[in-house]
Amino acid sequence: MFYIVLAKTKNVNKIRETAMRKNTKQTMLFKEISGKKVEVDFNGGDVSSDAGLLFLRETESQIGVINKVANAIHDKRHPSYVKHQIVQLLTQRVFQIASGYEDSNDSNDLKNDPILKISCNTDDPLASQPTMCRFENAPSRMALYRIGEVLVDIFINSYAKPPKAIVLDIDDTDDPTHGSQQLSLFNGYHDCYCYMPLHIYEGKSGKLITTILRPGKRPSGDEIVSILKRIVKKIRKAWPDVGILLRGDSHYSSSAVYDFCDDKNIKYVLGFKSYKPVLQRAHGLMNKARELYEISKTPLKLYGEFSYQAGSWSEPNRVIFKAEYNQEGSNTRFIVTNLVHDNRKFI
């Protein structure tokens, strides 16, 4: 009879909600267990499976990352039509992602989530998907630049006193895309359409310095320098005497990066591709590693170095290599660095 009434009623949702409220007052009795009465009711009220957000909310209240990032985004909306402030929208989106809700479409289902509303410091419904979509597409290129600067400032302010030296660990990662997003490119290494956001961490503490969303391709030397020079400028302004070491794989090894580091008194240790000329320079030690392996049948590693200058380099650089031989065969790796023996205690 319940479903028949709904079918004949125009305001189906209202009848369903009324019926559910009535049903939640009912109690179900089950067979006793060891003389104890078992009752089940439906008066649990609003529930949420995201209670962990309360701990994230407390952590954020002490660090203040979201507030600082929100201040970097200038709100150009007409105040008369604004229901959700930038800081609330940003908090909602960040906390949704932290809870595993990556798609902004989830905002429609989560806008009345009690825990998420508490985390956003409001009792009112949160933003829906259309509002969230407009928010995500609103920040300008300049706003994104300011957000990058905010992250660097947070890194600097995380130290009670200037460190003697820091390590800039630089790397990118694939962020697969599944539509027609702007600047989404096919990356052959990752075999998918993606973005390639660049991340820079401090190597000793693991602290994030900044991260930058990029197209899905390998960065050029000039692009790497354009990012590094802004970060180094802010760090050196706060800590004039800090020693800086740049560390990365062969993607970040280029003459533009070498020249920048030498000009700014930055030490670097970067991966270097196994080009034919450098393989020839390591040939002797590689043969020795193979001969020793054939005698001992034990995997071993030998190390050597040489000075090398490619055609595009302004001066020779120190190249260190590892000649490894094991049951899989040879495994030769190279790095290029401007560290010298006297600077081995730099870090």
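So for the pair Arg290, Val242, with labels modelled 7 Å out along Cα→Cβ, what separation do we get in nm?
4.7
Taking the mean number of other Cβ atoms within 10 Å as a proxy for protection, how do you rank 91-97, 293-299 from highest to lowest? Provide the component values of the computation, followed by the final result.
Details: 91-97: 20.9, 293-299: 10.9.
Going by the mean number of other Cβ atoms within 10 Å, highest first, we get 91-97, 293-299.
What is the percent carbon and sulfur in the accessible area of the chain, measuring with a 1.4 Å probe over the protein chains and ignoring ligands?
On the way: 11610 of 22250 Å².
Carbon with sulfur: 52 percent of the solvent-accessible area.
Compare the Cα positions of Leu228, Pro215, Cys194 along the charge dipole of segment 193-234 (+1 at Cβ of Lys, Arg; -1 at Cβ of Asp, Glu; about the Cα centre) and return the one farthest towards the positive end.
Checking the options against the dipole of segment 193-234, the answer is Leu228.
How far apart, in nm, are two points set 7 Å out from the Cα along the Cα-to-Cβ line at Asp174 and at Tyr189?
So the two model labels end up 1.0 nm from each other.
Order 183-192, 259-268 from most to least packed using the mean count of other Cβ atoms within 10 Å.
My ranking of the peptides, most packed first, is 259-268, 183-192.
Once you have the Cα-Cα distance between Met142 and Ser158, take 0.36 nm times their residue separation minus that, and quote the gain in nm to one decimal.
Working: separation 16, 0.36 × 16 = 5.76 nm, distance 2.46 nm.
Extending this stretch completely gives an extra 3.3 nm.
Going by accessible area, probe 1.4 Å, with all protein chains left in place, what is the ranking of Met132, Met142, largest first?
The ordering from most to least exposed comes out as Met142, Met132.
Can you pull the one-decimal nm distance between simple spin-label points at Asp249 and Val340, each 7 Å off the Cα toward Cβ?
3.2
The values are calculated or read from the model by the stated rules, or taken from the named source; none is laboratory data. Everything numeric in this text was worked out from a predicted model, so none of it was measured. Neighbour counts run over all protein chains shown; Cβ positions are idealised from the backbone, glycine included. Surface accessibility is based on the protein's heavy atoms, side chains included, excluding ligands, DNA and RNA. Shrake-Rupley method; radii C 1.70, N 1.55, O 1.52, S 1.80 Å.
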